[in-house]
Amino acid sequence: MATATHATPFYGWRVVAAAFVLAAFGWGIGFFGPPVFIATIHATRGIPVGVISAAVTVHFLVGAAVGATLPFHYRRFGAPAVTRAAAAAVAAGLLGWALAAEAWQLFAAAPLTGAGWGGMSAAAINAVIAPWFERGRPAALAMAYNGGSVGGIVFSPLWVAAIGALGFPLAAAAVGAVALVVLWALAETVLSRTPRGMGQSPDGLRSGVEAVCHASPAARPLPGLALWCDRRFATLALAMALGLFAQIGLVAHLFSLLVPALGARQAGLAMGLVTALAMAGRTLTGWLMRPGADRRMVAALGYAAQLAGSLAFLAADGTDVPLLLIGAALFGVGFGNATSLPPLIAQVEFVPREVPRVVSLIVGMSQAGYAFAPAAFGLIRDLAPRAAEAAPGAAPWLYAAAALAQGLAIAAFLAGRRRG
């Protein structure tokens, strides 16, 4: 890739670093925090798990609504102001979760953390990166989205350790304060910059050098309701929603299903393998995918790896350790691209001014769907018929449901490919 000849280095990679940090806090608090909150609040306040889980669902639904409307908020208030507001909402909401003594107080805190999560989630990362990268957007998004994986690696044990050492209120106040200070600073110093304001071009190319990753020749403006009738949009939204529903539902239960065969320590390492391979798969795809590649086919191959992982889990029957590890590896390889590839598909299938709207809508709809995934997979796990001699970690109906959703996601990606 050609480089810039500006007096100052290309600023886009600083924006990627800021987006990485934004994703780490967003996922670390908004995505990986709620499972810890459920266990902590149930153990210390005695509120039923089902009630706490319902509040978590509200958290995710509000996040989906905010994510779906981000283009409007960015146009009206700007990325720095939206990021500051998201950080403030998260900090206030965390205190609400930590101080809640009754169930209704959880439902008051959930919209705050949900709004903050929506302002830091996948739609926000794409919106922050998009003005700075066109041809190099796959690599830039891959690096930024890896912040979400790092957020899981760092925050999951951090929450447990901080709550154990400080108690939930002090731990929530500390994490919220750090998030507020760091994200406020990034909003003021990095996210406030624009390529035009700095006299730079996307990808750091010299003026006049072609940088655009063109949309399909068939792309056309789709104002208002016309977008909802478009085959490419409908199949892309459906594929992302189905794929993430399967992914989130499975990952919510996977650790507990691996423990009987692997033990808690080895099951934790297997989950770490999933995260590591998710980062590796996302990064390699971002850097190696050519501008003219069929991005829907790349996404379908990623879900095919996840589907193969689900079938390996199914075949393991809760006892075959090598098959369980193979399943974890295959699941992990495709895990990271489930979030990063749909925005990249939108980049080449829709005219540039439609892309922010498309990305926000597909991300918002997928978040609204996967908010119910852990509960749905839990019902499958609890209500599905079970053989008397089945191993404790065997969950054939759960793995079959995940494989079915992954297969339907692949079909949706392929159904939206350009005809002719």
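The values are calculated or read from the model by the stated rules, or taken from the named source; none is laboratory data. Remember, predicted model here, so these are calculated numbers, not experimental data. Don't worry about glycine lacking a Cβ; one is built from the backbone with ideal geometry, like all the others, and counts go over all protein chains shown.
So how many residues does the range 97-124 have that are surrounded by fewer than 19 Cβ atoms within 10 Å (Cβ to Cβ) and among the small types (Gly, Ala, Ser)? Reasoning before the result, please.
Taking the range 97-124 as the starting set, the residues that turn out to be surrounded by fewer than 19 Cβ atoms within 10 Å (Cβ to Cβ) are 99, 101-105, 107-108.
Now narrow it down to the ones that are among the small types (Gly, Ala, Ser): 101, 103, 108.
Summing the residues that are surrounded by fewer than 19 Cβ atoms within 10 Å (Cβ to Cβ) and among the small types (Gly, Ala, Ser) in the range 97-124 gives 3.
Among the criteria (1) farther than 24 Å from Ala177 by Cβ; (2) surrounded by 21 or more Cβ atoms within 10 Å (Cβ to Cβ); (3) at pLDDT 90 or above, the one Ala87 does not fulfil is (1).
Exactly one residue out of Ala165, Ala239, Ala187, Ala174 is at pLDDT 90 or above, touching a Lys or Arg at 6+ places or on another chain (Cβ under 9 Å), part of a helix (DSSP H, G or I) and more than 29 Å from Gly334 (Cβ to Cβ), and it is Ala187. Restricting attention to the range 219-236 and to residues that are assigned to a helix (DSSP H, G or I) and surrounded by fewer than 11 Cβ atoms within 10 Å (Cβ to Cβ), the residue that is modelled with the highest pLDDT turns out to be Cys229. Trp132 meets the conditions (1) closer than 25 Å to Arg295 by Cβ; (2) surrounded by 24 or more Cβ atoms within 10 Å (Cβ to Cβ); (3) within 20 Å of the chain's Cα centre (by Cα) in every case but one. The failed one is (3).
Examine the range 82-98 for a residue that is among the charged types (D, E, K, R), in the same structural domain as Ala171 (by TED's automatic domain parsing) and not in a helix (DSSP H, G or I), and state whether such a residue exists.
Pass one, the range 82-98, residues among the charged types (D, E, K, R): 84.
Remaining after also requiring in the same structural domain as Ala171 (by TED's automatic domain parsing): 84.
If we keep only those that are not in a helix (DSSP H, G or I) too, we end up with none.
Scanning the range 82-98, I find no residue that is among the charged types (D, E, K, R), in the same structural domain as Ala171 (by TED's automatic domain parsing) and not in a helix (DSSP H, G or I), so the answer is no.
The set of residues in the range 237-258 that are among the aromatic types (Phe, Trp, Tyr) and surrounded by 22 or more Cβ atoms within 10 Å (Cβ to Cβ) contains only Phe245. Being within 22 Å of Phe372 (Cβ to Cβ) and touching a residue at least 40 places away in the same chain (Cβ under 8 Å) is a property that does not hold for Val90. Report yes if some residue within the range 50-59 is in contact with a Gly (Cβ under 8 Å, 6 or more places away or on another chain) and not acidic (Asp, Glu); otherwise report no. Looking through the range 50-59, at least one residue is in contact with a Gly (Cβ under 8 Å, 6 or more places away or on another chain) and not acidic (Asp, Glu). When Arg290 is tested against (1) out of contact with any Pro (no Cβ under 7 Å at 6 or more places or on another chain); (2) more than 17 Å from Val251 (Cβ to Cβ); (3) part of a helix (DSSP H, G or I), only condition (3) is not met. Among the helices (runs of 4 or more DSSP H) confined to the range 1-72, the ones with at least 1 residues that are buried (at least 16 other Cβ atoms within 10 Å of the Cβ), among the aliphatic types (A, V, I, L, M) and modelled with pLDDT of 90 or more are located at 12-30, 49-68.
If we keep just the residues of the range 333-383 that are touching a residue at least 12 places away in the same chain (Cβ under 8 Å) and among the charged types (D, E, K, R), which is surrounded by the fewest Cβ atoms within 10 Å (Cβ to Cβ)?
Going through the range 333-383, the residues touching a residue at least 12 places away in the same chain (Cβ under 8 Å) turn out to be 333-378, 380-381.
Cutting the leftovers down to among the charged types (D, E, K, R) gives us 349, 353-354, 357, 381.
Working: Glu349: 23, Arg353: 10, Glu354: 21, Arg357: 20, Arg381: 17.
For the range 333-383, the residue satisfying everything is Arg353.
With respect to Leu311, is the statement that it is part of a helix (DSSP H, G or I) and within 21 Å of Ala252 (Cα to Cα) true? Considered against the rule, which asks whether it is part of a helix (DSSP H, G or I) and within 21 Å of Ala252 (Cα to Cα), Leu311 comes out as yes. Only residues in the range 392-420 that are of a type in the set (D, E, K, R) count as the first member; pair them with residues that are modelled with pLDDT under 85 and surrounded by fewer than 20 Cβ atoms within 10 Å (Cβ to Cβ), Cβ under 7 angstrom, at least 6 apart or cross-chain, and list the lot. Pairs found: Arg418/Ser216; Arg418/Ala218. Selection of the range 284-332 for residues being over 20 Å from Ala405 (Cα atoms), in contact (Cβ under 8 Å) with a residue 40 or more places away in the chain, under 21 Å from the mean Cα position of the chain (by Cα) and surrounded by fewer than 18 Cβ atoms within 10 Å (Cβ to Cβ) yields only Trp287.
Considering only residues that are of a type outside the set (A, V, I, L, M) and at pLDDT below 85, look in the range 386-410 and name the one that is nearest to the chain's Cα centre (by Cα). Before you say what the answer is, go through the steps one by one.
Of the range 386-410, the ones of a type outside the set (A, V, I, L, M) are 386, 389, 392-393, 396-397, 399, 406-407.
Still in the running and at pLDDT below 85: 386, 389, 392-393.
Working: Arg386: 33, Glu389: 37, Pro392: 30, Gly393: 27 Å.
Going through the qualifying residues, I end up with Gly393.
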